[in-house]
Amino acid sequence: MSVLTLLVDESTLIKMTAFYADHLQKTPQHARFQAKIPNCTITAYNSKKVVFQGNLAETEAQLWQQFSGNSQAVKKSDAPPASLAPKWDLATCIGCDESGVGDYFGPVTAACILIPQTDVERIRALGITDSKKMTDSIICQLAPLLMAEFPHAITLLPNSKYNHLQAQGIHGHMMKTLLHNQALTKLLQENQCQYDYIIMDQFVNERAYYRYFDKLKVTPILGLSFLPKAESHCVAVAAASVLARYTYVKAMEKLAEKLGESLPKGANQRVDQFAAQLISKHGLEFLDQYAKIHFATTQKAIVLTR
Ligand code: MN
């Protein structure tokens, strides 16, 4: 069992009080609150020291260390040697990831999925990892298995809508935020989700993420943990990356059917050439339903048609 102490600021303490509201225990003397979650007991003292005890102490403390720039670990005892990789896979997580962001053709997709802690090892054994390290054909075999078994939600932003939002000043990060929030809202509304963390593969920091909602005019899901390269640290995020990529690949198949030939993925010279062909054949407007128009690809393709 690990014991870890953090010194936090008042705003973090307020956040923590709200965050653990559903897990409160009888408050010990000199404490602000005590909460118990699976594998960790959290005691916050009036001195602003917060003690984490249990097998997940390190993971839990790291979460809050991230949340508050001023927090510092003041003491660590009985813990194994410091490991930088948080043990997210010892918890039940909802993972969130997206796909199609860097691809000129096709939509942006987002997915979230809940993987219970008891299934983590089995999911890893299936070969679920960062979708960027998997082939599309393996992804198309595994994604349906995940979808059949675990609560999940998927959102897709078609190209014409993407282009419309982009023209209104809603940039890529904001669109991702919107898609993730829609997916999470749907997942939590439609399922009785018991989970320890919601882990977002970090594309912006927490503050920027929540600031976007001023402009987006939708209600944000709170309590997310933002983790860089989360696909490698948390199997639920890896599974979400697989679902998001699967949705992107399937959407590209549909676009290919509509067009009568398949479209290249990514953004490279082949993509420039293909876009130029489409412009020559059908005109620039035609790209609106197939591509992310604001990419430099569009200008390169226009030059190629001359
Ligand atoms: Mn990602």
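Please treat every number below as a calculation from the coordinates, not as lab data. The structure displayed is predicted, hence computed values, not measured ones. So basically every Cβ, Gly included, is an ideal-geometry build from the backbone, and we count neighbours across all protein chains shown.
General observations
- Residue-averaged [θ]222 nm for the chain, counting only DSSP H segments that reach four residues, each worth -39500 (n - 2.57): -13500 deg cm²/dmol
- Shape parameters for segment 220-287, alpha-carbon atoms, Rg then Dmax in Å: 17.2, 49
- Unit charges on C-beta of K, R, D, E only; dipole of the chain, Debye: 540 debye
- Computed from the Kirkwood radius of its Cα pairs, the Stokes-Einstein diffusion coefficient for the chain at 20 °C and 1.002 mPa s stands at 102 µm²/s.
- GNM flexibility winner over the chain from 40, 93, 234 (Cα, springs under 10 Å): 40
- Nearest 10 degrees, 0 to 90: helix 172-190 Cα axis against the chain principal axis: 60 degrees
- Choice from 226, 33, 19 with maximal GNM fluctuation in the chain (Cα, 10 Å cutoff): 19
- Entries in 48/186; 217/254; 87/132; 133/292 that, when Cα-Cα distance is taken, lie over 29 Å: 48/186; 217/254
- For a modelled paramagnetic label at residue 101, 7 Å from Cα along Cα-to-Cβ, the residues of segment 188-225 in reach, with backbone nitrogen under 11 Å, are 201-205.
- Gain on full extension, evaluated as 0.36 nm per residue between residue 191 and residue 18 minus their Cα-Cα distance, stands at 60.0 nm.
- Measuring between their Cα centroids, segment 154-205 and segment 82-145 lie 16 Å from each other.
- Rg and Dmax of segment 1-60, both derived from C-alpha coordinates alone, stand at 10.4, 28 Å.
- Cα-based shape type of segment 132-278, given that a ≥ b ≥ c are square roots of the gyration tensor eigenvalues and the cut on a/c is 1.5: oblate
- Computed label-point distance, nm, for sites residue 213 and residue 36 using a 7 Å Cα→Cβ extension: 3.1 nm
- If R0 is 22 Å, the Cβ-Cβ spacing of residue 161 and residue 277 corresponds to a FRET efficiency of close to 0.35.
- Paramagnetic reach from residue 259 (point 7 Å along Cα→Cβ, amide N under 11 Å) across segment 280-302: 287-292
- Stretching the chain fully between residue 27 and residue 9 yields a gain of 4.5 nm (0.36 nm per residue, less the alpha carbon separation).
- Unit Cα scatterers, Debye sum, segment 177-221: log10 I(q)/I(0) for q = 0.20, 0.24, 0.28, 0.34 Å⁻¹: -0.70, -0.95, -1.15, -1.31
- Among 58, 10, the ranking by other beta carbons within 10 Å of each residue's beta carbon, starting with the fewest, stands as 10, 58.
- Mean silhouette area of segment 256-306, derived from the convex hull of its C-alpha atoms and averaged over all directions, reads 3.2 nm².
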